[in-house]
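The structure appears below as structure tokens.
The values are calculated or read from the model by the stated rules, or taken from the named source; none is laboratory data. Quick caveat, the model's predicted, so the values are computed rather than measured. Cβ coordinates were reconstructed from backbone atoms using ideal geometry, including for glycine residues, and neighbour counts include every protein chain displayed.
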Amino acid sequence: MHLPIAVIGAGTMGNGIAHVFAQHGFGVTLIDVQAAQLEKALSIISKNMDRQVSKGLMSAADRTEALGRIILETELASGVKSASLVVEAATENTALKLDIFRKLDQHAPAGCILASNTSSISITRIAAATSRPGQVIGMHFMNPVPVMKLVEVINGYATEAAITQTIIGLCRQIGKISCVVNDYPGFIANRILMPMINEAIYSLFEGVAAVTEIDTVMKLGMAHPMGPLQLADFIGLDVCLSILGVLHEGFGNPKYAPCPLLAKMVTAGYLGVKSGEGFYTYDASGKLCEVSARFK
Ligand code: CAA
């Protein structure tokens, strides 16, 4: 059975999540306050589906049908009124997410599961903003969503076991593999990933090695598809800094303190792919060009 899905936020993660649900037969309402952002998201989904068609992963007819299953909506209240699952993928900002979940609690039907794609904000805290914490859960997709197999499923303190089982089943239906984890700072993905990225930045900061060498060691030595510095640029240096802040504050352990170089780059607006420069430079389409002149 294909339950009606609503996705909040039409940024990179939101459009990827809408893409995979629509691709697997679900009707999706993609909701964003900005109509222009919704149009942009639909064109990105269309291009990413074209890529799948050209690779033979999807037929042209399936692509047309999948795109036809996506409805664009600027009003949260009307967008979620018949949803069985809402996946919130708005900006990673605690106050904003709490506000969205208060509104979802008001407007989503009883029985609707409320999921957040947060990469590090506490699911327990988000759930506590609603009158149905048992129905709130984390669904942490990885970027690029159409390619990455994992969904990290996060149980909040009050998440009901039946809700977790439903989400595991849904992940299977959209071709993903779920891993269920408990709600502690950074969950599992970012608790392990971010210290690695931070250590790579410290290695650069302390002059142990240059950008290319650090990334090549991890790519060729550990078979990572991207080195940690390129991955940090891909995720967004501001996002990395914010997640390290959550780990540092949440555990009170200095081992999570963000490298001063990371903090300085974010302050200066060097955020990686999205700003055109981080440890590397990028063209307007986000394609990697070369190591930033600052690190040569
Ligand atoms: N939609 C659909 N398909 C896409 C796509 C998209 N947005 N982006 C890439 N692809 C497809 C390509 O078509 C290609 O398909 P084939 O293998 O069939 O040819 C495949 O993905 C690989 O893409 P490319 O050839 O363009 O490039 P690549 O081989 O360099 O791979 C990559 C790109 C998949 C991003 C790879 O470099 C990679 O896996 N990087 C690591 C990504 C990662 O670690 N993501 C997690 C980040 S952490 C996170 O998201 C959570 C958080 O909280 C911070």
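Pairs, please: C-beta under 6 Å, at least 6 apart or cross-chain, first residue assigned by TED's automatic domain parsing to the domain that holds G16 and over 15 Å from A89 (Cα atoms) and in region 124-153, second more than 7 Å from the ligand (Cβ to nearest atom) and of a type in the set (S, T, Y)?
What qualifies is T124/Y157.
Return the only residue of F187, F205 being touching a strand residue (DSSP E or B) at 6+ places or on another chain (Cβ under 7 Å) and in contact (Cβ under 8 Å) with a residue 40 or more places away in the chain.
F187
Pairs please, first residue from region 86-112 and at positive phi, second anywhere and buried (at least 16 other Cβ atoms within 10 Å of the Cβ) and at pLDDT 95 or above, Cβ atoms under 8 Å, 6+ apart in sequence or on different chains.
G111/S84; G111/Q135
(1) touching a strand residue (DSSP E or B) at 6+ places or on another chain (Cβ under 8 Å); (2) within 16 Å of the ligand (Cβ to nearest atom): which one isn't true of V147, the others all being true?
With (1) touching a strand residue (DSSP E or B) at 6+ places or on another chain (Cβ under 8 Å); (2) within 16 Å of the ligand (Cβ to nearest atom) applied to V147, the lone miss is (1).
Test of understanding: among A158, A189, which residue is surrounded by fewer than 21 Cβ atoms within 10 Å (Cβ to Cβ) and either away from the ligand (no atom under 16 Å from the Cβ) or modelled with pLDDT under 95 (or both)?
The conditions single out A158.
Name every residue in region 217-240 that is farther than 15 Å from S292 by Cα, more than 12 Å from the ligand (Cβ to nearest atom) and not small (G, A, S), in order of residue number.
Those that are farther than 15 Å from S292 by Cα, more than 12 Å from the ligand (Cβ to nearest atom) and not small (G, A, S): V217, L220, M222.
Residue-wise test of (1) within 16 Å of the ligand (Cβ to nearest atom); (2) closer than 30 Å to A162 by Cβ; (3) not in a helix (DSSP H, G or I).
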site	(1), (2), (3)
G25	no, yes, yes
E39	no, no, no
M49	yes, no, no
M58	yes, no, yes
D62	yes, no, no
S78	no, yes, no
F101	no, yes, no
G111	no, yes, yes
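Quick grid of which residues meet (1) surrounded by 22 or more Cβ atoms within 10 Å (Cβ to Cβ); (2) of a type in the set (V, I, T); (3) within 23 Å of E152 (Cα to Cα); (4) under 16 Å from the mean Cα position of the chain (by Cα):
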residue: P4; (1), (2), (3), (4): no, no, yes, no
residue: G9; (1), (2), (3), (4): yes, no, yes, yes
residue: L30; (1), (2), (3), (4): yes, no, yes, yes
residue: L42; (1), (2), (3), (4): no, no, no, no
residue: N48; (1), (2), (3), (4): no, no, yes, no
residue: K55; (1), (2), (3), (4): no, no, no, no
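Can you find, within region 89-144, the residue that is surrounded by the most Cβ atoms within 10 Å (Cβ to Cβ) among those that are over 18 Å from G156 (Cα atoms) and touching a strand residue (DSSP E or B) at 6+ places or on another chain (Cβ under 9 Å)?
Restricting to residues being over 18 Å from G156 (Cα atoms) and touching a strand residue (DSSP E or B) at 6+ places or on another chain (Cβ under 9 Å), the top hit is A108.
Could you check region 80-99 and list, in sequence order, the residues that are acidic (D, E) and part of a helix (DSSP H, G or I)?
Passing the criteria: only D99.
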